[in-house]
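Trainee: Attaching a single structure in structure tokens format; questions to follow.
The values are calculated or read from the model by the stated rules, or taken from the named source; none is laboratory data. Please read these numbers as outputs of a predicted model, since none were measured by experiment. Cβ: placed from backbone, ideal geometry, glycine included. Neighbour counts: every protein chain shown. Just the protein is used for accessible areas: all its heavy atoms, side chains included, with ligands, DNA and RNA removed. Shrake-Rupley method; radii C 1.70, N 1.55, O 1.52, S 1.80 Å.
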Amino acid sequence: MKKLLVLLAIILFLIQYSVISLEFGSLFVGPGLMASFLIAILLKEGFVRSLKWIIFVGLLLDYFSSTSLGTFVLIFLIVMGVFEFYYSKFEQGNQKSSMVFISNLFSFFLIDVLLFLIIQVDVLLGNTHDAFLIKEEFVWYIVSRIFFSVVGVCINFVIGKLYRFFGMSTGELKLGKI
Amino acid sequence: MKQALNKKNMLFYITLVIVVILFFLFRGIDKKPFEGLVHTVFSPFTRFFSNAEKFSRDRISFFGSIGSLKSNNEDLFEENLELKSQIAKLQDIKKENEELRNQLKLAPYEEYDLTASMVVGRDISGATNVFVIDVGSSDGVEQQMAVIVGEGVLVGKVTKVLQRSAYFELIKSKNSRVNAEIIESGAKGIVRGQFETGAILDMIPQTVEVKKGDTVITSGVGNILPRGLLIGYAHDVTATADRLFQQVSLISPINYESIRMVWIVKGAKIQ
């Protein structure tokens, strides 16, 4: 099962990196699919058990970006931490598609903000970066995030089916369990 | 339950601290540990997926353009006839030029040593003007080499080289600087990216007359990029704030979002 999830993560990464970002243009470049994958894992496994996935996916993205090593690990750690806190406090056990959609959308905006802040810190400390978040069309930016959120719901569905197929129970975020 | 929650919070904060330390430790290092190896391992897969994307894009655009195929075909036929007649005239001029160069004992023309390459991805951090190609140091690619499309249209420069892949940055990137020249007037300046939407030619003296449509090429100054690569055409001319120079916004003849195949200019070679 773990090997299948690793394979799925790599396929999603390749689709994001070599297909979506080339096919749909600059507004669809980003860690959208990987963030959706992590959210789906987090909903099934809980925060502690999904830490290794956060580090794996974060490092994978770091190696294919111009940001410093550890940038995406840091971003995903914060985003998933915030997400897990909110979920355990307010939406225990709720895995409805609408909830997953909103979670994905919120996470993408948070990732963009964190990435922008980290790049500004990096620039202040002397590195140069290509411009980021200077998007020509705000509407298409929103469209791209909605697109990724819808895909995120599908990824969550697929991973849920995989868990059921292999007879695995979901982790910490089920109602009443820590 | 409280104990488990504290353990979870502790784990989160410890991991966060470790990652922040690693982030500052590796900050500013151009090449990450084992980066070449990671790219080499993923190279066949990124190539496969980008080939699949190109294949599907070509099929979709073919079906989408069926309606206009007939009129496009007629336009191309007429353009082809016109180009054939121009070729005949140019061959005549070429012959005359070679005879003159021989008489004046000038060196022969240079040709470019090119390596074909496919675009396999984009910088995942969202840096919109950075692309990744499937050739690297093992193919003779080095930093600062020109990246062109078609018959010599400059699109960017190689900024980072790994063993089997390389990153290149478009000329409209804000970090890009290219020595350029206007063919019609001979004026030299610097092309730099502006606000990620285009490139401008800067440092043109006020005494030079720049007309809309003037052709801008690489000047070859500094021997970084070969001379004669097309950059774009002049669009708008404005004065700088201090009114000492002119700035010319450029129109590129290509659509950067549709770049899939590029050539790396490995260096000029004498015939």
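Trainee: Count, for each residue of B:6-16, the Cβ atoms from other chains sitting within 10 Å of its Cβ, then give me the mean as a whole number.
Mentor: 4
Trainee: How much accessible area per residue does chain B have, counting only protein heavy atoms and a probe of 1.4 Å, in square angstrom?
Mentor: Result: 59 Å² per residue.
Trainee: Hey, another quick one. Bin by bin, in steps of 10 Å, what percent of the Cα pairs in segment A:4-114 do you find, going until the bin that has the longest distance?
Mentor: Pairs per bin, as whole percents: 14, 49, 32, 5.
Trainee: Sticking with this one: Evaluate the relative contact order of chain B (contact order divided by residue number), counting alpha-carbon pairs under 8 angstrom at least 6 apart; express in whole percent.
Mentor: Result for chain B is 17 percent.
Trainee: Follow-up. Classify segment B:195-252 from the C-alpha gyration tensor, please: rounded if a/c falls under 1.5, else prolate or oblate depending on whether a/b exceeds b/c.
Mentor: Prolate is the answer for segment B:195-252, as a/c is 1.5 or above and a/b outweighs b/c.
Trainee: Where the accessible area of segment B:160-268 is counted over protein heavy atoms with a 1.4 Å probe, how much of it, in %, is carbon and sulfur? Provide the component values of the computation, followed by the final result.
Mentor: Working: 2610 of 5060 Å².
The computed percentage sits at 52.
Trainee: Any idea what Rg and Dmax come out to for the protein assembly as shown if you just take the C-alpha atoms, in Å?
Mentor: 25.9, 94
Trainee: Can you give the FRET efficiency for B:ASP236 and B:THR207, using 1/(1 + (r/R0)^6), R0 = 30 Å, r = Cβ-Cβ distance, to the nearest 0.05? Please report the intermediate quantities before stating the final value.
Mentor: Working: r = 19 Å, r/R0 = 0.63.
Once the sixth-power term is evaluated, E becomes 0.95.
Trainee: Taking each pair of different alpha-carbon atoms in chain B once, compute 1/r for the pair, average those values, and report the inverse of that mean as the Kirkwood hydrodynamic radius in Å to one decimal. Present the calculation step by step, with values, prior to reporting the outcome.
Mentor: On the way: mean 1/r = 0.0450 Å⁻¹.
That comes to 22.2 Å for chain B.
Trainee: Also: Heavy-atom accessible surface, probe 1.4 Å, ligands and DNA/RNA ignored: which residues of segment A:19-39 lose at least 30 Å² versus the isolated chain?
Mentor: At a threshold of 30 Å² (probe 1.4 Å), the residues of segment A:19-39 that become less exposed are A:VAL19, A:LEU22, A:GLU23, A:SER26, A:VAL29.
Trainee: Additional query: Leaving out ligands, DNA and RNA, calculate the buried accessible area for the pair B and A with a 1.4 Å probe, summed over both sides, in Å² to the nearest 100.
Mentor: Counting protein atoms only, the buried area is about 4700 Å².
Trainee: Can you sort A:PHE83, A:PHE157, B:PHE49 by solvent-accessible area, 1.4 Å probe, largest first?
Mentor: Largest accessible area first, the list is A:PHE157, B:PHE49, A:PHE83.
Trainee: Over segment A:1-59, give the accessible area per residue in Å² for a 1.4 Å probe, as an integer.
Mentor: 28 Å²
Trainee: Now a separate question. Going out from 0 in 10 Å bins, what whole percent of all Cα-Cα distances in segment B:117-271 drops into each bin?
Mentor: Final binned percentages: 11, 42, 32, 13, 2.
Trainee: Which value in Å does the Kirkwood hydrodynamic radius of segment B:138-195 take, with 1/r averaged over all unlike C-alpha pairs and then inverted?
Mentor: On the way: mean 1/r = 0.0794 Å⁻¹.
With all distinct Cα pairs of segment B:138-195 included, I get 12.6 Å.
Trainee: Exceeding 21 Å between C-alpha atoms, which entries from my cross-link table qualify? They are B:LYS160/B:LYS266; B:LYS174/B:LYS212; A:LYS44/B:LYS8; B:LYS188/B:LYS212; B:LYS157/B:LYS188; A:LYS52/A:LYS96.
Mentor: Beyond 21 Å: B:LYS174/B:LYS212; A:LYS52/A:LYS96.
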